[in-house]
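Report on one structure; see the data block that follows.
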Amino acid sequence: MIPTPHVTRHTAPHVIGMDTLPVALTMGEPAGVGGDITLKAWLKRSLGLPVFFTIDDPGRLLSLAKRLHLDVPVRMISDPLEALDHFHHALPVLSAPLPVPSVPGTPDSRNAQSVLNAIERAVKLVQAGHASSVVTNPIAKDALYAAGFKFPGHTEFLAHLAAGQGEKTPQPVMMLACDKLRVVLATVHVSLAEAARTLSTNTICEVARITHAALKRDFAIAQPRIAVAGLNPHAGEGGAMGREEIDIIRPALERLKSEGLNVFGPLPPDTMFTAKALPTYDAALCMYHDQGLIPLKTLDFESGVNATLGLPFVRTSPDHGTAFDIAGTGQASEKSLMAALRMAASMAHARSATLAQTGA
C-alpha cells in the first residue's frame with residue numbers, strides 16, 4: 001500500500017525538444033539492488049546527472065528508502081515530462097505496481113511481468129518521443145524464465161521490442177565502457193571453446209560496422225578508430241600459436257578497410273590495453289568476453305557501463321548484476337548507474353545532433 005502523505009501527483013504539460021527529454025529508468029529485479037542504487041543515485045543528482053524518472057512501484061521505493069535511512073521523497077507522475085518540474089526535489093516515479101511485495105534478496109516470479117512491463121513501457125516512451133533514452137536496472141533471468149520469458153536476456157528482449165510488428169529485428173552489439181576504454185565483443189556469453197569455434201570473418205565485420213556507425217552517431221566521433229584484438233597469444237605469432245588471425249581476423253580487416261573503416265590489428269591482447277596504447281583508438285573489438293571485460297573492469301570496476309549499440313533507441317545499463325547478497329543493505333555502489341545515466345543522456349544528445357545535421 002502506498003503511504004499517500006508522502007506521495008503526490010501532479011500534471012504539467014511541456015513542449016520541449018528531444019535534447020532535453022528525461023531519461024527513463026526501469027525498476028529491474030525488485031528483489032535486487034536496482035532500487036537501492038536508484039535511490040542513492042537520485043541523492044547525488046547534483047553531480048552531473050541528467051533528469052530521470054523511474055518506472056517502479058512507489059510503495060516499494062518508499063519502503064526501501066525507509067529501510068536504508070535515505071531521505072528520498074517520491075513524486076508520482078503520469079507523464080514523463082513532469083519529471084522536469086520535480087526531479088530536483090523528489091524522485092519522479094511512473095507507477096508500476098508489483099503484484100506481491102518484494103523481499104530484498106529473494107526474487108519472486110509473480111513480479112516478473114511487472115519487471116518486463118517496465119522495460120516495454122520505457123521503450124515505448126522513447127519511441128513516442130516522451131523520453132530521451134532507456135537505462136535498465138539489472139534483471140534476474142531465472143525469475144523471468146520461471147514466468148515464461150523466452151529471451152536469453154535483456155539485450156535480445158530490447159532488440160525484439162525495437163523491431164515492432166513486421167519489422168526486421170536489429171542486430172545488437174554489447175559495448176562495455178568507462179572513461180578510458182570502450183570494448184565491443186565478437187562473441188559474448190559462450191564458452192571459450194565455443195567462442196574460438198564460432199568466430200567468423202562475417203561476425204567480426206558485422207560487429208565492426210555497427211560499432212563504427214554507433215561511434216559516429218552516438219559518441220560524436222567523426223573518424224572512429226577501432227583496434228581489433230587477436231585471438232591467440234601474441235596475435236598468433238605468425239601462425240605458430242594459431243591460425244585464426246591469418247584465416248579469420250585479417251580477412252575481416254581487409255574487407256572493412258576496403259569499405260573505408262579505420263580498423264587495425266590484429267593486436268596482441270596483452271599489450272593493446274596499456275596506458276600508452278589506450279589513446280590510439282576509440283574502441284577495442286575483442287574476440288571473446290573476458291578478453292574485453294578484464295581490462296575494462298581492472299581500469300574502472302565501479303563505473304563501467306553496458307551500452308547496447310545497433311538499436312533505434314539509446315539503451316545503457318549498469319555493468320553489474322542484481323547482487324542479491326547485498327540487496328536492501330545500502331552497500332551497493334550507485335556509481336555504475338550514475339555513469340549509465342550520464343552516458344545515456346550523452347548518447348541521446350549526440351544522436352539528436354547527428355539526426356539534425358543529416359536531416360534524417
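Odds and ends about this structure:
- Among all positions in the stretch 195-211, there is at least one residue which is within 30 Å of Phe151 (Cβ to Cβ) and of a type in the set (Lys, Arg).
- Those residues of the stretch 125-163 which are aliphatic (A, V, I, L, M), under 20 Å from Ala348 (Cβ atoms) and open to solvent by 20 Å² or more (accessible area, probe 1.4 Å), in sequence order: Leu125, Ala128, Leu161
- Pair list, Cβ under 8 Å, 6 or more apart: the stretch 253-271 residue farther than 17 Å from Met287 by Cβ and in contact (Cβ under 8 Å) with a residue 40 or more places away in the chain, other residue among the basic types (Lys, Arg) and in a helix (DSSP H, G or I): Glu259/Arg209; Leu261/Arg209
- Residue, most open to solvent (accessible area, probe 1.4 Å), within the stretch 187-203, restricted to residues that are out of contact with any Asp or Glu (no Cβ under 9 Å at 6 or more places or on another chain), closer than 22 Å to Leu311 by Cβ and in a loop (DSSP other than H, G, I, E, B): His189
- Selection within the stretch 100-118 - farther than 17 Å from Asp142 by Cα and among the hydrophobic types (A, V, I, L, M, F, W, C): Val100, Ala118
- Any hit, the stretch 162-175, residues being over 28 Å from Glu244 (Cα atoms) and either in contact with a His (Cβ under 7 Å, 6 or more places away or on another chain) or among the polar types (S, T, N, Q) (or both): yes
- Positions within the stretch 244-268 being within 28 Å of the chain's Cα centre (by Cα), of a type in the set (Val, Ile, Thr) and in a helix (DSSP H, G or I), in sequence order: Ile249
- Subset tally (residues that are closer than 13 Å to Cys178 by Cα and either at pLDDT below 95 or among the hydroxyl-bearing types (Ser, Thr, Tyr) (or both)) for the stretch 335-349: 1
- The listed residue being open to solvent by 20 Å² or more (accessible area, probe 1.4 Å) and either within 27 Å of Ala350 (Cα to Cα) or part of a loop (DSSP other than H, G, I, E, B) (or both), out of Ala227, Ala213, Ala208: Ala213
- Options Asp282, Asp319: the member that is modelled with pLDDT of 95 or more and among the charged types (D, E, K, R): Asp282
- Scan of the stretch 133-186 for residues that are without any contact (Cβ under 8 Å) to a residue 60 or more places away in the chain, closer than 24 Å to Leu293 by Cα and in a helix (DSSP H, G or I), ordered by number: Lys141, Asp142, Glu156, Phe157
- Any hit, the stretch 276-292, residues being under 25 Å from Gly35 (Cα atoms) and either charged (D, E, K, R) or in a helix (DSSP H, G or I) (or both): no
- Options Thr298, Thr316; residue that is assigned to a strand (DSSP E or B) and among the β-branched types (Val, Ile, Thr): Thr316
- Across the stretch 331-345, the qualifying residues are those that are assigned to a loop (DSSP other than H, G, I, E, B) and open to solvent by 30 Å² or more (accessible area, probe 1.4 Å), and the one among them that is farthest from Thr106 (Cα to Cα) is Ser333.
- Hits in the stretch 80-103 - residues which are assigned to a loop (DSSP other than H, G, I, E, B), open to solvent by 50 Å² or more (accessible area, probe 1.4 Å) and either within 18 Å of Gly28 (Cβ to Cβ) or hydrophobic (A, V, I, L, M, F, W, C) (or both): Pro97, Pro99, Pro101
- Scanning the stretch 158-181 for residues that are within 13 Å of the chain's Cα centre (by Cα) and more than 12 Å from Pro312 (Cα to Cα) gives Val173, Met174, Met175, Leu176, Ala177, Cys178.
- Residue list for the stretch 1-33, restricted to those being farther than 25 Å from Arg351 by Cβ, at pLDDT 50 or above and not hydrophobic (A, V, I, L, M, F, W, C): Glu29, Pro30, Gly32
The values are calculated or read from the model by the stated rules, or taken from the named source; none is laboratory data. Remember, it's a predicted structure, so these values are computed and weren't measured experimentally. Here the Cβ is made from the backbone with ideal geometry for all residues, glycine too, and neighbour counts use every protein chain on show. To get the accessible areas, we keep the full protein, side chains included, count just its heavy atoms, and leave off ligands, DNA and RNA. Shrake-Rupley method; radii C 1.70, N 1.55, O 1.52, S 1.80 Å.
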